[in-house]
Amino acid sequence: MKNKKEMAKEIIALVGGESNIDSLIHCATRLRFTLKDQSVAQKSELGKLPGVLTVVETAGQFQVVVGNTVGEIYKEIMEQTSLGEGESSDKGSRRSKGSFLEKAIDVVSSIFSPIIGVLAGAGIIKGILLILTQLELLQKTTGTYQILNAASDSVFYFLPVVLAITAAKKFGANQMVSVIVGLSLLYPGLVTFMASGEPITFLSIPVLSGTYASTVIPSILAVWVLSHLERLLTRIIPDVLKLLLVPAISLSVIVPLTLLIFGPFGIYVGNGVSSLYNSMYELSPLIAGLFVGGGWTILVMFGLHKVLVPIGLNDIATLGSTTIFAFAAPANLAQSGAALAVAVKLKNKEMKSVATTASLAASLGITEPAIYGFNLKYKLPMIVAVISA
C-alpha cells in the first residue's frame with residue numbers, strides 16, 4: 001500500500017484536482033467530496049487505487065471509502081491543498097446539487113459525520129459505566145464515576161453546541177457566534193428560569209418553556225438562519241462597523257428567535273418523527289427490526305445511515321433511550337461475524353489478517369472495511385449478514 005502522502009496526492013488528481021473540489025469532510029471510513037463536476041472524477045481508477053475499498057456516488061457526494069486510515073489521508077489532502085483555508089467565508093454560498101432528498105442527506109451527513117466518532121466513543125464509556133454500576137463494581141457517588149460520567153455525558157448534554165460548530169461549517173456561519181447561540185440554550189440562569197414554571201416573555205411575546213440539552217434540531221435551524229442573516233448584514237453594514245455590529249445584531253435576533261420559534265419547532269418536529277418511528281415499533285417490533293436491522297447495512301453502503309442518527313439522538317434526549325441503535329447493533333455484529341467467517345476460510349495469511357482486522361472494526365461499529373473488503377466481494381457473506389441482522 002502506498003504511503004499516505006502519495007495516496008492523498010493520487011486521490012486529489014483522480015477526483016479532478018483541487019480546482020474540482022468544492023468541499024471535503026470525512027466520517028469514520030470515508031472521504032466525502034462535494035465536486036463541482038463529478039463526471040471529471042475517474043471513479044474506476046480510484047477504485048483500483050491500493051488502499052481504496054470502493055467509491056460511492058450518493059446524496060450529491062463523491063465518497064471514497066478508505067477505511068480506518070481516513071483521518072490520516074484527510075489530513076494529508078488538507079495539507080496538500082488550500083481546502084481548509086477560509087472555510088467559513090464562502091461555504092455558505094455553495095449549494096448542494098441534486099434532488100431535495102440528496103440535498104437533505106448531504107446536510108445531515110455533513111453536520112453529523114464529524115462527530116460520529118466521539119459520539120460512539122462516549123457511548124462506549126457510558127455502556128461500561130452502566131455495566132460496572134449494575135454489577136456494583138463502581139458506585140455512582142464516587143469521584144471516579146462522576147469524572148468518567150462527565151467525560152461521556154458531556155457530548156450528549158452539550159450536543160446543541162457541538163452541532164452548532166459543525167452546522168456553522170456546513171452553512172458558512174460565524175463559528176463563534178454559532179457556539180454562543182448553542183450555549184444560550186443551555187445557559188444555567190435561563191434553564192433555571194424555565195424550570196421554575198414562571199411565565200416567560202420576550203418583548204411581551206410568550207416564550208414556551210423547554211429543555212434543550214441534548215436536542216438536535218433547534219441549534220441546526222438557528223445556525224442555518226444565522227448564516228443567511230450574517231450574509232445580509234455583511235452586505236448592508238459599512239466595513240468599519242461590521243466587526244461589532246454583525247455579531248451584536250446576529251445574537252440579538254437569533255437567540256430570541258431560537259427560544260421563540262426554532263426551539264419549540266425543533267422539539268415538536270423531533271418528537272413527531274420519533275413518535276412515528278415508535279408507533280411503528282409499538283405496532284410491531286418485528287417490522288421495526290426488519291426495517292432498521294435488515295436495512296442498516298444497505299443504508300451504510302450508500303452513506304445514508306446517518307439519516308436515522310438524529311432520530312436516535314432525539315429519542316435519547318427525550319426518552320432516555322432508543323431502539324434504533326439497538327436494532328443497528330446486530331447489523332454491525334452480523335457484518336463482523338461474516339468477515340470473521342471469511343477470515344477463517346481464506347488461505348492467504350495476509351488477507352486472513354486483514355479480514356480479521358475488518359471483523360474487529362465492524363464489531364466496534366466501523367463496518368465499511370468488512371462490507372467492501374470482503375462480505376460484498378464474496379456475496380454470500382453479505383446475504384447471510386443482512387438476513388441475520
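The values are calculated or read from the model by the stated rules, or taken from the named source; none is laboratory data. Predicted, not measured: the structure shown is a model, and the values here were computed from it. Please note: Cβ atoms are built from the backbone with ideal geometry, for glycine as well, and neighbour counts cover all protein chains shown.
Laid out as a table, the results:
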read-out: Residue, farthest from Ala358 (Cα to Cα), within the stretch 25-58, restricted to residues that are part of a strand (DSSP E or B) and β-branched (Val, Ile, Thr); value: Thr34
read-out: Residue, nearest to Ser19 (Cα to Cα), within the stretch 32-52, restricted to residues that are under 21 Å from the mean Cα position of the chain (by Cα) and in contact (Cβ under 8 Å) with a residue 40 or more places away in the chain; value: Thr34
read-out: Pairs with Cβ under 7 Å, 6+ apart, first in the stretch 185-205 and closer than 14 Å to Leu260 by Cβ and without any contact (Cβ under 8 Å) to a residue 40 or more places away in the chain, second among the β-branched types (Val, Ile, Thr) and surrounded by 12 or more Cβ atoms within 10 Å (Cβ to Cβ); value: Met194/Ile200; Ile200/Val207; Thr201/Val207
read-out: Number of positions in the stretch 1-27 that are among the hydrophobic types (A, V, I, L, M, F, W, C) and out of contact with any Ser or Thr (no Cβ under 8 Å at 6 or more places or on another chain); value: 7
read-out: Hits in the stretch 249-282 - residues which are at pLDDT below 90 and aliphatic (A, V, I, L, M); value: Ile267, Val269, Val273, Leu276, Met280
read-out: Any hit, the stretch 71-84, residues being over 16 Å from the mean Cα position of the chain (by Cα), at pLDDT below 75 and either under 18 Å from Lys169 (Cα atoms) or crowded, with 18+ Cβ neighbours inside 10 Å (or both); value: yes
read-out: Scan of the stretch 85-112 for residues that are in a helix (DSSP H, G or I), buried (at least 17 other Cβ atoms within 10 Å of the Cβ), modelled with pLDDT under 75 and of a type outside the set (D, E, K, R), ordered by number; value: Ser88, Gly92, Ile105, Ser109
read-out: Residue ID - nearest to Val66 (Cα to Cα), chosen from residues in the stretch 11-24 that are of a type in the set (S, T, N, Q) and not in a strand (DSSP E or B); value: Asn20
read-out: Flag for Gly295 being over 19 Å from the mean Cα position of the chain (by Cα) and surrounded by 18 or more Cβ atoms within 10 Å (Cβ to Cβ); value: no
read-out: Residue identified as of a type outside the set (Ser, Thr, Tyr) and either closer than 30 Å to Arg235 by Cβ or modelled with pLDDT of 90 or more (or both) among Leu53, Leu46; value: Leu46
read-out: Filtered residue count, the stretch 238-293, keeping only those that are of a type in the set (Gly, Ala, Ser) and without any contact (Cβ under 8 Å) to a residue 24 or more places away in the chain; value: 6
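Table: residues versus (1) among the acidic types (Asp, Glu); (2) buried (at least 21 other Cβ atoms within 10 Å of the Cβ); (3) modelled with pLDDT of 90 or more; (4) touching a His at 6+ places or on another chain (Cβ under 7 Å).
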residue: Lys9; (1), (2), (3), (4): no, no, yes, no
residue: Glu18; (1), (2), (3), (4): yes, no, yes, no
residue: Ile21; (1), (2), (3), (4): no, no, yes, no
residue: Val66; (1), (2), (3), (4): no, yes, no, no
